[in-house]
Amino acid sequence: MHPSLPYWRLSGYYFFHFAFVGVFQPYFGLYLQSLGLSSWEIGLILSQMALMRLCSPAVWGWLADHLHVRIPLVRLAAGVSVVVFNLFFFAQTLVPLLGAMALLAFFWSAALPLMETVVFDHLHAEPARYSRVRIWGSIGYIVTVLATGALLDYLPPASVLWMSFALMGGILAFALLVPESPTPPQHVATPPVSTILAQPRVRALLGACFLMSAAHGALYLFYSIYLADHGYSKTLVGSLWFLGVIAEIGVFFFMARLLRRFSLRQVLLASFAAAVLRFLLIGWGVDSLSVLLGAQLLHGLTFGAYHAAAIAAINRWFPGRCQARGQALYSSLSFGAGGLLGGLVSGWTWDGLGNAATFGIGALFAVCGLVLVAGWVRDESAPAAPVR
């Protein structure tokens, strides 16, 4: 690493950010279930994260562009998130929980797109080293998803609140430690965002990213509940999440080599094809542990390879001072709009159509994304910018 790069401060932020995700994403639904909420109510509450990701990055990105700062906004978002999270210790019914989740999501989801632009600016001469920083987020996720799964076999579901609150404190601590990055060089060409969005490959990629997040809706909302209802222990549930992230880390580690050998389009095609297979396996093979193990290994493609290829394309296709807006669009349309659609559809179909059919709908979303990538995402003029 370059000696001026604040590597451990950046990596520490990613570690705690995704360590929080490792508690919140797999297990908060179990806590909500313990309150007696229905599947639709759980899906509605958790979908607030995706809803706020739809608008929050754009609002905070606009503030960052007009105030010419990012890290102070990251710190503000982290501080308010810690305060807001306290509402969950008092909210027990649908409406208060909806309000608390929406407020938390508005501030918490704002920080990561800003942090991504900060990291790429710190790495301005070495963007290929992005995943060496990002990999610590995956490690943080692994630590907490395993530890929480094991602890919840002995502790009450409400323990999820205390674990999440402690990790929020870690996010705030590292937000205070990360320095602001240098601004992008003035000589970098910055075309209008409308010109970039006029390119078919850009629109197709953003549409495919929207569909990939929608495809993961049932996984992120109901996977832990699904496995627990089929007799799997919480320790084994945590281990399956762990296996998926191990696959993700492996892909991140070798991503530079993969992108030297394969184009962005080829990596994305493989990722979407793997998503189709993965959700079909989960939906119809839940009673077989070996099938679930294979499905979780596909996470290396459906998130690791997909995210690395997508963010490499966004970083290159939105140059100069467009990068922050490119990251905001990627976050809003994929994790925001796509996650919202996937969450709402899953919450509606989980009881109405059944578990297997819900995961089948996720596979259908992935098929549509595969069609977009195959038909319109072309990048033959330049080798893929490696991310490792």
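The condition of being more than 17 Å from the chain's Cα centre (by Cα) and over 29 Å from G375 (Cβ atoms) holds for only one of S233, S263, S194, that being S233. The residues of segment 336-378 that are touching an Asp or Glu at 6+ places or on another chain (Cβ under 9 Å) and surrounded by fewer than 24 Cβ atoms within 10 Å (Cβ to Cβ) amount to a single one, N355.
Kindly indicate the residue of segment 28-85 that is of a type outside the set (A, V, I, L, M, F, W, C) and not in a helix (DSSP H, G or I) and also farthest from L152 (Cα to Cα) among those meeting that condition. Before the answer, list the steps.
Just the residues of segment 28-85 that are of a type outside the set (A, V, I, L, M, F, W, C), to begin with: 29, 31, 33-34, 36, 38-39, 41, 43, 47-48, 53, 56-57, 61, 65-66, 68, 70, 72, 75, 79, 81.
Still in the running and not in a helix (DSSP H, G or I): 36, 38, 68, 70.
Working: G36: 18, S38: 21, H68: 44, R70: 37 Å.
Applying the filter and picking the extreme gives H68.
Across segment 78-107, the qualifying residues are those that are surrounded by 21 or more Cβ atoms within 10 Å (Cβ to Cβ) and free of Cβ contacts under 8 Å to residues at least 60 places away in the same chain, and the one among them that is farthest from L172 (Cα to Cα) is M101.
Just one of V145, V119, V160, V133 is in contact with a helix residue (DSSP H, G or I) (Cβ under 7 Å, 6 or more places away or on another chain), modelled with pLDDT of 90 or more and among the aliphatic types (A, V, I, L, M); which is it? Answer to the selection: V160.
Quick check: anything in segment 312-323 part of a helix (DSSP H, G or I), modelled with pLDDT of 90 or more and farther than 17 Å from V193 by Cβ? No, that holds for no residue. All of V291, V237 fail the test of being surrounded by fewer than 17 Cβ atoms within 10 Å (Cβ to Cβ), under 30 Å from L155 (Cα atoms) and out of contact with any Phe, Trp or Tyr (no Cβ under 6 Å at 6 or more places or on another chain), apart from V291. Confirm whether L264 is in contact (Cβ under 8 Å) with a residue 40 or more places away in the chain and buried (at least 16 other Cβ atoms within 10 Å of the Cβ). Yes; evaluated as a whole, the condition is true for this residue.
Restricting to segment 249-285, name every residue that is modelled with pLDDT under 95 and in a loop (DSSP other than H, G, I, E, B). Matches in segment 249-285: F262, S263.
The values are calculated or read from the model by the stated rules, or taken from the named source; none is laboratory data. Please read all numbers here as calculations on a predicted model, not as lab measurements. Neighbour counts are summed over all protein chains in view; Cβ atoms, including those assigned to glycine, are modelled from backbone coordinates with ideal geometry.
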